[in-house]
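Novice: The structure's right below; bear with me while I get my questions together.
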Amino acid sequence: MSTADRHEPAHSPQDTGATMGPETQMLNLKILQNLAQNNIYRDEESKAGIRALEKSLLGQGRRYTPVEAAESAGLPLETAQRIWHNMGFPTIPNHSPYFTETDVQMLADLQKLDAEGDIRMEYVASLVRAEGQLTDRTVAWQIEALVHNIMVTENLSDNDARRKLLKDFPRYLEVLERLALYAYRRQMYAGILRLGLRENNVTTSGLSRLPLVRGVGFVDLVSYTSLVRNLDAAALSQLINHFEQSCLDVIAPLGGRIIKTLGDEVFFLTETPDAIAEISLQLSEKIGADPQLPDARVAFIWGEVLANRGDVYGSSVNLAARLVSLAEPGTVLTDNETANTLRQVGNRYILTSQGTRNVRSFGNVDPVAVTRRANYTMEIDLS
């Protein structure tokens with residue numbers, strides 16, 4: 001959505017008649033993006049729900065201004081503001097009480113990492129930005145899931161479900177916090193293990209310019225644009241959720257990771273060339289057999305990539321994205337170099353040249369269709 005498409009609330013927080021501190025103003029800035037949403041929370045019960053939510057999530061004792069919080073943590077105000085902005089906080093007036101002891105302690109903890117020489121502040125800021133961006137998406141996702149659950153189970157409208165969530169949310173908070181910590185620890189453990197991964201006996205030709213050799217792939221739904229024109233919001237949400245869940249059901253068990261979801265497209269990564277091939281084939285087969293989904297195009301590349309800020313970059317990623325647009329519905333494509341790599345790991349796949357094609361930014365490329373040989377089933381050792 002462009003900036004021009006976003007609408008500011010028609011009323012300032014003071015216009016609503018509520019007694020609101022800076023924390024509630026922040027909620028209005030970040031959540032109540034238009035008048036329709038603003039109206040959802042204007043009744044007295046909803047205002048009370050917001051105040052109770054603030055107490056549950058943020059605690060009490062908002063006595064530190066930005067200037068005081070930065071000074072108490074031993075940081076220059078500019079550095080503290082950068083950290084807050086990386087977390088996604090709006091700019092708070094310098095002399096408005098907003099922050100709690102918990103906020104100050106977190107600043108102090110981050111300052112200590114830099115002061116003791118463990119992590120330079122520029123990388124501390126990067127760590128904070130990662131947490132801010134990912135938790136922002138996580139929270140939005142979880143809120144929508146909870147709202148939709150209330151709509152379905154209690155037959156309420158979207159507005160009424162959002163009001164009810166304000167009252168119900170404290171019941172869910174403890175388990176959601178435990179889930180967040182559990183997922184973080186599990187993902188961190190898996191991520192640390194991946195640091196030690198080295199590819200054995202399979203390399204790309206030439207000198208490596210990027211630090212990692214990985215499998216990258218895209219799965220793209222066919223005719224998605226025309227399909228969604230005929231769907232209402234609930235049906236569209238169900239389609240997207242079903243598609244993403246179907247992809248996850250294939251990718252995760254075979255040791256892959258979803259890097260990004262883009263509505264009708266999923267970008268995924270693997271640590272081995274046979275895993276990227278098998279995942280791609282299973283995605284094509286699973287989606288093709290699913291009556292709730294249109295056919296899919298799939299393409300993958302085994303090549304050099306750069307992992308940065310939770311995303312993956314490089315010409316291998318770009319080529320896989322180009323190839324998926326060339327694939328016919330229900331087919332899986334790769335390039336000739338990746339096909340040669342697959343031949344090195346065994347006679348597991350049927351690799352059929354599709355002739356030379358001119359691919360934007362890459363010139364002439366030889367796409368190769370990939371199918372699985374009969375009676376071959378891949379097994380992944382995740383121990």
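The values are calculated or read from the model by the stated rules, or taken from the named source; none is laboratory data. Everything numeric in this text was worked out from a predicted model, so none of it was measured. Glycine also receives a Cβ, built like all others from the backbone with ideal geometry; neighbour counts cover every protein chain displayed.
Novice: Report yes if residue 104 is closer than 21 Å to residue 64 by Cβ and either among the β-branched types (Val, Ile, Thr) or in contact with a strand residue (DSSP E or B) (Cβ under 6 Å, 6 or more places away or on another chain) (or both), otherwise no.
Specialist: yes
Novice: Which residue is farthest from the chain's Cα centre (by Cα), if the candidates are limited to segment 41-67 and must be among the polar types (S, T, N, Q) and either in a helix (DSSP H, G or I) or under 14 Å from residue 163 (Cβ atoms) (or both)?
Specialist: 46
Novice: Just wondering, is there one or more residues in segment 26-39 that are at pLDDT 50 or above, out of contact with any helix residue (DSSP H, G or I) (no Cβ under 6 Å at 6 or more places or on another chain), part of a loop (DSSP other than H, G, I, E, B) and hydrophobic (A, V, I, L, M, F, W, C)?
Specialist: Scanning segment 26-39 turns up no residue that is at pLDDT 50 or above, out of contact with any helix residue (DSSP H, G or I) (no Cβ under 6 Å at 6 or more places or on another chain), part of a loop (DSSP other than H, G, I, E, B) and hydrophobic (A, V, I, L, M, F, W, C).
Novice: Using beta carbons and a limit of 7 Å, which pairs, at least six apart or on different chains, have the first residue in segment 130-154 and at negative phi and the second one basic (Lys, Arg)?
Specialist: 130/309; 147/162; 150/164
Novice: I would also like to ask the following. Would you check if residue 366 is at pLDDT 95 or above and in contact with a helix residue (DSSP H, G or I) (Cβ under 9 Å, 6 or more places away or on another chain)?
Specialist: It is false that residue 366 is at pLDDT 95 or above and in contact with a helix residue (DSSP H, G or I) (Cβ under 9 Å, 6 or more places away or on another chain).
Novice: Looking at the structure I just gave you, is residue 132 surrounded by 13 or more Cβ atoms within 10 Å (Cβ to Cβ), out of contact with any Ser or Thr (no Cβ under 9 Å at 6 or more places or on another chain) and closer than 30 Å to residue 242 by Cα? It would help to see each step written out before you state the result.
Specialist: On the way: surrounded by 13 or more Cβ atoms within 10 Å (Cβ to Cβ): yes; out of contact with any Ser or Thr (no Cβ under 9 Å at 6 or more places or on another chain): yes; closer than 30 Å to residue 242 by Cα: yes.
Judged against the criteria, residue 132 is a match.
Novice: Right, next: Which residue, of 275, 307, is farther than 21 Å from residue 351 by Cα and out of contact with any helix residue (DSSP H, G or I) (no Cβ under 9 Å at 6 or more places or on another chain)?
Specialist: It is 307.
Novice: In segment 93-113, how many residues are under 28 Å from the mean Cα position of the chain (by Cα), at pLDDT below 90 and buried (at least 16 other Cβ atoms within 10 Å of the Cβ)?
Specialist: Here the count works out to 0.
Novice: Filter segment 235-252 for residues that are touching a residue at least 40 places away in the same chain (Cβ under 8 Å) and surrounded by fewer than 22 Cβ atoms within 10 Å (Cβ to Cβ); which is farthest from residue 303 (Cα to Cα)?
Specialist: 237
Novice: Let me ask another. Cβ contacts < 6 Å: first residue more than 18 Å from residue 215 (Cβ to Cβ), restricted to segment 320-331; second residue among the β-branched types (Val, Ile, Thr) and at pLDDT below 95, any location; separation 6+ or different chain. Result?
Specialist: 329/222
Novice: Also: Name the strands (runs of 3 or more DSSP E) wholly within segment 204-288 that hold at least 2 residues that are over 30 Å from residue 146 (Cβ atoms) and of a type outside the set (Phe, Trp, Tyr)?
Specialist: It comes to 212-221.
Novice: While we're looking at this one, here's another question. Any idea which residue in segment 306-336 is surrounded by the fewest Cβ atoms within 10 Å (Cβ to Cβ), counting only those that are under 22 Å from the mean Cα position of the chain (by Cα), in a helix (DSSP H, G or I) and small (Gly, Ala, Ser)?
Specialist: 315
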